Amino acid sequence: MPYFITQENADCSGWAVMAIDSDEVFGCHTTKQSAIDQAVAISLAEEVEFLGERNESGPQVVVTDIDGTIFIDGNKTNENLLAYLDSFPDTSIFVVTGRLEEDRERTSNELTDAGVRFDDLIMRPDESLTSNEFKAETAVRLMETYNVMIAVDNDEGARAAYRAAGITALHPNEVPASRAEARAVDLTPPAYMVDAARKGLEWFAEGLAGDDLTGRTVREARDMVDGQVSEDKWVRIAAWISRHLVDLDSPDANPDSDNYPSAGVVAHALWGSDGGKAGARRVLSYAEDIIGRIEAENTNRSKGGTVSKIETRVFTNDFEIRETGDSMTLTGYAARFNEPSEPLPFIERIAPGAFKRSLRAKNDIKLLWNHDSSMVLGSTRAGTLRLSEDELGLRVEADLPSTSFGLDAKISIQRGDVTGFSFGFTVPPNGDTWNADGTHRTLKSVRLLEVSTGVAFPAYPSTNGTAQVRSLEDVVMAVGVDYDALSLVLGKVAAGEPITYTEKEIMELVLDALCPEEDMQADPAMMPMDEAMTEQNGLDQLALHRKKLALMELLETL
């Protein structure tokens with residue numbers, strides 16, 4: 001078990017001597033040299049390596065290999081691993097591979113085409129080192145600057161090299177699937193818990209905590225102040241407060257006591273409780289509600305609920321096409337920040353910075369015509385598509401090709417037939433937040449897949465400049481029909497093919513759910529357009545019209 005020293009441990013005011021894969025502190029020192037002396041002595045006695053200083057405060061990095069890790073069974077992409085990497089939204093992804101530097105362009109293109117988000121590609125310069133020797137040297141070098149959280153590699157020798165440098169190493173099969181699942185439940189702590197944790201850290205800094213307080217509790221309190229609480233922490237909050245309510249019966253838990261705050265009050269504060277029993281019960285109730293919602297979401301997933309689906313949003317806005325000589329440049333916004341969507345049925349907003357991660361990555365993003373990958377209007381890799389964030393939103397600037405569909409696109413946009421962009425995306429874990437009742441969603445970070453124009457019939461045009469496309473998965477979940485069966489019948493309808501009686505029943509079920517008759521009758525704005533028409537006939541015609549519109553919206557999802 002290799003040892004290292006760090007100045008970042010909450011249990012020590014100076015330098016701490018610690019071991020890999022353990023939270024135990026073996027000694028606290030006021031000087032770096034005395035910490036080194038102890039760590040070296042322990043390492044010699046146990047015949048293990050002394051790793052030196054570990055920079056736990058450096059920028060966070062996750063390392064992954066390529067062959068046998070990102071790509072498995074030949075050229076098959078390890079989707080579970082990619083989703084796992086996406087679960088670190090504010091962490092840089094470094095690809096460290098034994099492939100030679102001379103193969104950089106092909107390797108970079110291969111990763112980009114597979115949709116791999118990476119911030120750096122570190123390759124073996126030549127054959128003077130074996131792949132594992134190169135990775136061992138790279139691991140030591142990275143640890144001098146970065147806080148390398150995890151390395152994923154299918155090679156046992158490589159994993160051993162990472163572990164020797166003090167990095168947790170996983171085989172791709174050991175990547176937890178739970179990290180790959182997007183969580184709809186908002187795990188963000190409420191303000192009163194953040195305030196309590198902040199006060200608890202102040203008391204801890206003043207030396208008012210008990211001797212049995214763990215470094216993990218302090219670290220997690222800091223995370224809580226930063227608005228981060230994991231699923232596991234919420235479960236432990238409920239259990240801990242239930243066990244430690246009795247600590248608040250102590251006389252020194254009374255603010256009027258000369259010895260206030262007691263060690264129990266400090267501990268409660270670090271767990272998000274304000275130190276009183278009413279406040280503790282409030283936190284307990286909130287934690288139990290979070291746990292219940294997580295369990296309900298897990299139950300939904302076990303029944304086939306959709307997770308991490310690809311979503312599409314359509315934004316209508318003013319285009320501009322500039323022509324200079326033979327070139328045509330299209331500009332506009334694919335998304336605007338902080339503008340409320342139409343009901344989806346929830347209201348959605350995109351937070352500033354939501355695209356920062358995708359723009360920072362080296363993935364190739366294409367501008368397509370109506371989501372058709374065979375009709376490429378621009379590419380970030382080629383430099384013909386330029387995406388950026390400004391104070392308004394995601395700005396698009398593209399040099400349109402002088403192809404037939406490039407010219408068609410220009411004419412359609414100039415005529416006003418096409419009025420906006422759309423973009424396809426997925427939401428990584430912790431990439432969105434929801435309010436308590438699930439009626440409002442904020443996209444904080446998204447994985448941008450592509451940008452399109454040429455969407456002539458957005459499903460939800462909006463007066464404030466946004467429009468959304470109804471997700472087929474949402475319809476399936478709301479109505480309770482089989483996804484594949486609905487996709488099949490919609491495909492037949494779109495192609496003008498005959499459908500069976502059973503498929504007709506599926507369509508009627510979906511359309512009745514999307515525009516129920518009682519909603520028609522209750523809507524005072526829905527009146528017969530022909531005064532000579534009876535009210536009942538008017539409602540019948542209107543119901544038919546609305547079902548046709550609903551069908552058009554469904555077909556738009558294909």
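The table that follows gives values for the structure above.
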{"quantity": "Residue satisfying all of: in the range 37-66; assigned to a helix (DSSP H, G or I) and open to solvent by 40 Å² or more (accessible area, probe 1.4 Å); modelled with the lowest pLDDT among these", "calculated": "E46"}
{"quantity": "Some residue of the range 147-169 being open to solvent by 10 Å² or more (accessible area, probe 1.4 Å), modelled with pLDDT of 85 or more, farther than 12 Å from T64 by Cα and of a type in the set (S, T, N, Q)", "calculated": "no"}
{"quantity": "Lone qualifier among F355, F337, F319 - being at pLDDT below 60, hydrophobic (A, V, I, L, M, F, W, C) and touching a Leu at 6+ places or on another chain (Cβ under 9 Å)", "calculated": "F319"}
{"quantity": "Cβ-Cβ under 7 Å pairs, at least 6 apart or on other chains, the range 397-409 side open to solvent by less than 50 Å² (accessible area, probe 1.4 Å), far side part of a loop (DSSP other than H, G, I, E, B) and at pLDDT 85 or above", "calculated": "A398/T384"}
{"quantity": "Leading residue by the ranking (most open to solvent (accessible area, probe 1.4 Å)) among those in the range 424-446 that are assigned to a strand (DSSP E or B) and modelled with pLDDT under 80", "calculated": "T426"}
{"quantity": "Filtered residues of the range 137-146 (kept if surrounded by 19 or more Cβ atoms within 10 Å (Cβ to Cβ) and either over 21 Å from T91 (Cβ atoms) or among the hydrophobic types (A, V, I, L, M, F, W, C) (or both))", "calculated": "A139, L142, M143"}
{"quantity": "Inter-residue pairs, beta-carbon under 6 Å, first closer than 25 Å to N78 by Cα and in the range 142-158, second of a type in the set (G, A, S) and at pLDDT 90 or above, 6+ apart", "calculated": "N154/G68"}
{"quantity": "Which numbered condition T107 misses (of (1) part of a strand (DSSP E or B); (2) open to solvent by less than 40 Å² (accessible area, probe 1.4 Å))", "calculated": "(1)"}
{"quantity": "Looking only at the range 185-201, and only at residues there that are at pLDDT 80 or above and more than 13 Å from H268 (Cα to Cα), the one that is most open to solvent (accessible area, probe 1.4 Å)", "calculated": "A191"}
{"quantity": "In the range 83-104, residue most open to solvent (accessible area, probe 1.4 Å) [restricted to those that are in a helix (DSSP H, G or I) and modelled with pLDDT of 80 or more]", "calculated": "E102"}
{"quantity": "Among (1) under 21 Å from the mean Cα position of the chain (by Cα); (2) within 29 Å of Y3 (Cβ to Cβ), the one test that A83 misses", "calculated": "(2)"}
{"quantity": "Qualifying helices (runs of 4 or more DSSP H) (wholly inside the range 189-277; at least 2 residues being closer than 29 Å to R293 by Cα and of a type in the set (F, W, Y))", "calculated": "231-244"}
{"quantity": "Verdict on G264 being touching a residue at least 40 places away in the same chain (Cβ under 8 Å) and in contact with an Asp or Glu (Cβ under 6 Å, 6 or more places away or on another chain)", "calculated": "yes"}
{"quantity": "Subset of the range 110-134 that is assigned to a loop (DSSP other than H, G, I, E, B) and among the small types (G, A, S) - its residue that is nearest to V446 (Cα to Cα)", "calculated": "G115"}
{"quantity": "Breaking point among (1) under 27 Å from S402 (Cα atoms); (2) modelled with pLDDT of 70 or more, for S327", "calculated": "(2)"}
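Condition check ((1) in contact with a strand residue (DSSP E or B) (Cβ under 6 Å, 6 or more places away or on another chain); (2) without any contact (Cβ under 8 Å) to a residue 40 or more places away in the chain; (3) crowded, with 17+ Cβ neighbours inside 10 Å) across all residues:
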site	(1), (2), (3)
P352	no, yes, no
K356	no, no, no
L377	yes, no, yes
A382	no, yes, no
L385	yes, no, yes
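The values are calculated or read from the model by the stated rules, or taken from the named source; none is laboratory data. Fair warning: this is a prediction, and the values are worked out from it, not measured in the lab. We place every Cβ from the backbone using ideal geometry, glycine too, and count neighbours over all the protein chains shown. Ligands, DNA and RNA are stripped out before the accessible areas are found, and what is left, the full protein with its side chains, is counted by its heavy atoms. Shrake-Rupley method; radii C 1.70, N 1.55, O 1.52, S 1.80 Å.
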